[in-house]
Amino acid sequence: MNVADLLRRPGSTREVHLEVPLPGLENPSTGVDPDQPLTLDLRLESLPGGIVASGRVRGRWRAVCSRCLTPLEDDFDLRLREVFEEDPIEEETYPLHHDEIDLEQPLRDLVVPELPPVPLCADDCLGLCPTCGANLNDHPCDCAAKAADPRWDALRALVIPDDVELRPESN
């Protein structure tokens, strides 16, 4: 985005509304649909030797529940405030090159950490039955009662008292 007019007049501002498609906004489990643009409502303000971009970034993420695989999607509305300078400070400001600011990296840095790393349809989601694959949120199944793994029988028979004094001594 060209900001030459702002740089010539320190202290001046410009309001900007953009619809920006930005592919690759994702973490391993959640992503922003690349066909749905991000909506940016920004205020660009000129500083000596730089530009401050501040405003709102809105979009929609999609994922599947990490437990029951139900499709999920939700809106996000985030606040952006970044400084662009000709001599950027590493990990603090972004570069201003030839009167142009590139919003791609600041948008990635803002949106990706806010995407849910382990999306859930509900905090108490029961997930899928590991035997038959039924969604346990919809209805219970009796697979677990039928299919007890005999390798765990010795541990099931083991009872350890809660009271430390009643526990057998170990060698």
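The values are calculated or read from the model by the stated rules, or taken from the named source; none is laboratory data. Because the structure is a prediction, the values reported are computed rather than measured. Cβ atoms come from the backbone with ideal geometry, glycine included; neighbour counts cover every protein chain shown. Each accessible area value is taken on the protein alone, full model and side chains, heavy atoms only, with ligands, DNA and RNA left out. Shrake-Rupley method; radii C 1.70, N 1.55, O 1.52, S 1.80 Å.
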**Prompt:** About its Cα centre, how strong a charge dipole does the range 1-138 have in debye, to the nearest 20, once Lys and Arg get +1 and Asp and Glu get -1 at the Cβ?
**Reply:** 320
**With all protein chains modelled, accessible area of residue 41 [1.4 Å, Å²]** = 50
**Asked** Which distance in nm do the two modelled labels at residue 15 and residue 164 give, with both placed 7 Å along the Cα-to-Cβ direction?
**Response** 6.7
**Request:** Mind pulling up the Rg/Rh value for the range 24-86? Radius of gyration and Kirkwood radius, both on Cα.
**Result:** 1.15
**Asked** To the nearest Å, what is the center-to-center distance of the range 102-147 and the range 50-66, using C-alpha atoms only?
**Response** 21
**Message:** Ignoring ligands, DNA and RNA, please state the percent of accessible area on the chain from carbon and sulfur, probe 1.4 Å.
**Reply:** 51
**Request:** Would you indicate which of (1) -0.75, -0.86, -0.98; (2) -0.77, -0.98, -1.11; (3) -0.68, -0.98, -1.15 is the value of log10 I(q)/I(0) by the Debye sum over Cα atoms at q = 0.13, 0.16, 0.18 Å⁻¹ derived from the coordinates of this structure?
**Result:** (2)
**Asked** Of all the stretches in the chain, which is the longest one without any exposed loop site, taking GluC sites (Glu not before Pro) in a DSSP loop (any state but H, G, I, E, B) with at most 15 other Cβ atoms within 10 Å?
**Response** 1-85
**Asked** On full extension of the chain, what length is gained from residue 41 through residue 102, given 0.36 nm per residue of separation minus the C-alpha to C-alpha distance?
**Response** 20.4 nm
**Asked** Between residue 80 and residues 5 or more places away or on another chain, which pairs have amide H atoms under 5 Å apart, with H built 1.01 Å from N, and which residues are they?
**Response** 55, 56, 57
**Complete:** Computed over the chain, protein heavy atoms only, probe 1.4 angstrom, the accessible area per residue in square angstrom equals 68
**Prompt:** Once phi is turned into ³J(HN,Hα) by the Karplus curve 6.51 cos²θ - 1.76 cosθ + 1.60 with θ = phi - 60°, what whole-Hz value does each residue of the range 31-44 show in order, with x for glycine and proline?
**Reply:** x, 8, 4, x, 7, 9, x, 6, 9, 10, 10, 10, 10, 9
